[in-house]
Amino acid sequence: MNVRGLEARVKLLLLGVAGLWAVTLERPLLLGVLAGSAVLALCLSGAGWRRILAALGGLALALWGLALMQGFFYAQAPRTEIWGWHPQSGWALALFGPDGVALYREGFAHGLAQGLRVVLAAAAGLAVAFSTDPGALLGALTFFRVPYGLAFMAVTALRFGPLLAQEATQAWTAARLRGFEPAPWRTPPWSGAAVTFGLLRPVLAGCVRRAGTLAASIQSRGFEPAKRGVELPRRKLRALEWLLVWAVLSASAALLAAKGLYFLYAEDWYYRTEWRALYAFVREWT
Amino acid sequence: MKTTTALLALRGARLTYPGRAHAALEGIDFELEAGAYTLVAGPTGSGKSTFLKVLAGLLPGLSVCRLDGVRETAPGARCGVVFQSPDDQLFARRAFDEVAFGPRNLGLSESETGRRVTDALGAVGLSGSEDADPAALSGGQKQRLALAAALALEPAALVLDEPFAQLDPQGADEIRALLDRLRAERGVALVLAEHRLGELLEPSRAGGPQRVLALDGGKVAWDAPTGDAAKYAPKLAELGLRLPVASEWARRVPEAWAAGAYDRARALAWSREHLPRAAAPEAARKPGGSEILRADGLGYSYGGKGFALEGANFSLRRGERVALLGANGSGKSTLLALLAGLRKPGAGRIECAAARGYTFQNPDAMLIGATALDETAFAPRWTLKLGRAAAEAKGRAALEAMGLGARSTEAPLALSRGQRLRLAVAAVLAAEPEILLLDEPSTGQDRKHVESLLQSVCAHGAAAVFSTHDPDLALEWADRAVVLRAGRVVADGPALEVLNDTALLARTSLKRPALLEWCEALGVPAARTLEELAARWSEARA
């Protein structure tokens, strides 16, 4: 079974579960395993390698940026310094104070967990977007009772996203052809920023024009955002898909139950000695 | 209220947008009978698209506006709509889902939806393409799919807004024939807005519009049957619209026009009776200067998916004008992009020391300035490294040269379509390139705008290479024509010779220019322009 072959409702369910796990789990190891699985799904989504590489680059930047940011700005105790720079005198002391700049292990781990949460949810979302036919996605969204108008907007946004990127590239190329040099050592930053801002104009105009034509076209084909009862075809789930659905739903239910019981214990509201192994598992592994 | 048998009717329709001084439509009275075919004509900005949207019931609703007057629809009559750009209308990844979208919105069962999809795809000649990705279809096939998506609603009327604008001649012919067939076989009424009036009003075509409704400034300028050109040809000419070649010929011979030779039969009869058959020589081609660009054995492929261009040779002389012709997907845009330096050739090499300027097919992608002057001062500032005052002076001169001097403080994207194209070209010419490369400048533009643009480009003196689907435009404005087919250059020579080679044109899915057909009908040597033909005969008569 590959990602593209999965039924759209199963993929949306997996995406929802990935979101649930991303906010529920705290341990970087488990989050890392799940984020790795989502990244693997993204790589197997069947999208072009350029799109996948661009997505992976963005995810890597988000992960690294969050981990570093939390590592530098972690203010809770205890904290262990991995690397530090502590100025003794001069302008640096005035600017940074005696604590200077330091990277803390606990902050880095916390940032890593936050970053992995982002990677897990975003990679799962991209894998679904890249691997799912818009029609099937529309059917799946309406199955989960997402309003028809909203579901259609989401699907068309995915369909026209690459076209907007193409128009932005075209505007950039046109500016370069007319001599624009974005290199900061050749261009005053304010001039470059003004031109870059100007590139948004044709892209936005293209969005408005395209949205207007599409709106007129679909309205002429009986589309009404508030319409109910539009039945879209969905194929039956295969045995393996059912198994996957039950497995992730069971795991999610078990995780929520275990987390709930641990929360009651941690808040001193309810405690049973025979559940100590469960409390230890939740604390150490989730 | 007046009773009617019309499918669709507008009575005293007036459409206004908030904050606009003038109504977009004013005093429109129109009735569409079952099976009727109406051509909506008018200069750019005359209100054709707005009229079609009001007729189809899409306005008001799509935008904030106010519609006064009455719109009537026969009970149960549904109206399908097809727009100029199929890419903006198609959103599904399967042709089946695209066509099924309408029936599903109507709440039809899956079996009925399937029946309608099969029927609609069959009607447009796309049977068996249910699983095709619309993005992978050719321009003509995409437009046929958009038609099928409208037909799946089983409409009594189809409203079409410039459906041929982005198609090559063969694709446009296919859609025209398909529309005629739909009307004949299914009785679908058609309302079609189009700039290319010549091909639709050509009396040699079977079918075709029965009536012309001309709009000007949001008002009905007149409404006449197409059977008698005397009733509409002078009026279309007054609006500056391009007529079929025979009528255009008669317009250039005042005695013929005064004698009422408005259509092909009368113009032909009058010409045979009154004009001498002088075998005047063909107009001499403008000699080119020294060679400024040379490309040998160019090859390019997009992501390794076959060759978009293979073994293409091309050269350009100073001041020369070259038209690139070929069906959709033949490699015209790829060749232009390589010549402009936008892409690196996968094979072959380009030698060019001259400064090059390039305009995209969609000029809006180039308009990034806050005002028209910002736009034209951009290249002098960045390319020629001029100071603000000097760059603006060059920018003003470029605007003046394109007839946009009075628009210097206006926002580029608020200009009309023709003005936006001229502005994009002015912005490129402001950097004083020696070579100007234009990707399909005639798309979505009326002929008057394109001619005015090419006149300005010629006045500038740069060598120009432009791709086009319009063989008459190529004949009139190009010294040389280069024909591409499946990524290969299959012909390169004087425009008149290439465009008169019927075997070549048939092989490359191109059409012979209407003017050359007309010259043949008159029994005279081929001419590149109607003015040239008229001047030759004047001389012969003198």
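The values are calculated or read from the model by the stated rules, or taken from the named source; none is laboratory data. In this text the structure is predicted, and so the values were computed from the model without any measurement. Reconstructed Cβ throughout: ideal geometry from the backbone, glycine too, with neighbour counts over all protein chains shown.
Does residue B:102 meet the test of being crowded, with 18+ Cβ neighbours inside 10 Å, of a type outside the set (S, T, N, Q) and under 30 Å from residue B:474 (Cα atoms)? Against the criterion (crowded, with 18+ Cβ neighbours inside 10 Å, of a type outside the set (S, T, N, Q) and under 30 Å from residue B:474 (Cα atoms)), residue B:102 does not qualify. When residue A:213 is tested against (1) closer than 30 Å to residue A:173 by Cβ; (2) exposed (fewer than 15 other Cβ atoms within 10 Å of the Cβ), exactly one condition is not met: (2).
A quick yes/no check of all residues on (1) of a type outside the set (Phe, Trp, Tyr); (2) in contact (Cβ under 8 Å) with a residue 40 or more places away in the chain; (3) farther than 18 Å from residue B:36 by Cα; (4) buried (at least 18 other Cβ atoms within 10 Å of the Cβ):
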{"site": "B:201", "(1), (2), (3), (4)": "yes, yes, no, yes"}
{"site": "B:207", "(1), (2), (3), (4)": "yes, yes, no, no"}
{"site": "B:212", "(1), (2), (3), (4)": "yes, yes, no, yes"}
{"site": "B:243", "(1), (2), (3), (4)": "yes, yes, yes, yes"}
{"site": "B:260", "(1), (2), (3), (4)": "yes, no, yes, no"}
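Considering only residues in the range B:62-95 that are free of Cβ contacts under 8 Å to residues at least 60 places away in the same chain and at the interface with chain A (Cβ under 7 Å from one of its Cβ atoms), the one that is nearest to residue B:194 (Cα to Cα) turns out to be B:88.
If the condition is being closer than 13 Å to residue B:319 by Cα and assigned to a loop (DSSP other than H, G, I, E, B), then the range B:464-478 contributes only B:478.
Is it the case that the range A:182-201 has a residue that's at pLDDT 85 or above, at the interface with chain B (Cβ under 9 Å from one of its Cβ atoms), on the phi < 0 side of the Ramachandran plot and assigned to a loop (DSSP other than H, G, I, E, B)? Checked against the condition, which is being at pLDDT 85 or above, at the interface with chain B (Cβ under 9 Å from one of its Cβ atoms), on the phi < 0 side of the Ramachandran plot and assigned to a loop (DSSP other than H, G, I, E, B), the range A:182-201 yields at least one hit.
Only helices (runs of 4 or more DSSP H) whose full extent lies in the range A:73-177 are considered here, and the ones with at least 2 residues that are within 14 Å of another protein chain (Cβ to nearest Cβ) and touching a residue at least 12 places away in the same chain (Cβ under 8 Å) are A:105-131, A:134-143, A:148-177. Of the residues contained in the range B:39-60, one or more are found to be surrounded by fewer than 16 Cβ atoms within 10 Å (Cβ to Cβ) and either within 14 Å of another protein chain (Cβ to nearest Cβ) or without any contact (Cβ under 8 Å) to a residue 40 or more places away in the chain (or both).
Within the range B:152-180, how many residues turn out to be assigned to a loop (DSSP other than H, G, I, E, B), within 14 Å of another protein chain (Cβ to nearest Cβ) and either under 17 Å from residue B:327 (Cβ atoms) or among the small types (Gly, Ala, Ser) (or both)? Even if it seems obvious, please write down each step before you answer.
Taking the range B:152-180 as the starting set, the residues that turn out to be assigned to a loop (DSSP other than H, G, I, E, B) are B:152-156, B:162-168.
Okay, now just the ones that are also within 14 Å of another protein chain (Cβ to nearest Cβ), so B:152-156, B:162-163, B:165-166.
In the following step, the residues that additionally are either under 17 Å from residue B:327 (Cβ atoms) or among the small types (Gly, Ala, Ser) (or both) were identified as B:152, B:156, B:165-166.
Within the range B:152-180, residues that are assigned to a loop (DSSP other than H, G, I, E, B), within 14 Å of another protein chain (Cβ to nearest Cβ) and either under 17 Å from residue B:327 (Cβ atoms) or among the small types (Gly, Ala, Ser) (or both) number 4.
Of the residues in the range A:74-89, how many are hydroxyl-bearing (Ser, Thr, Tyr) and modelled with pLDDT of 85 or more? Qualifying residue count for the region: 2.
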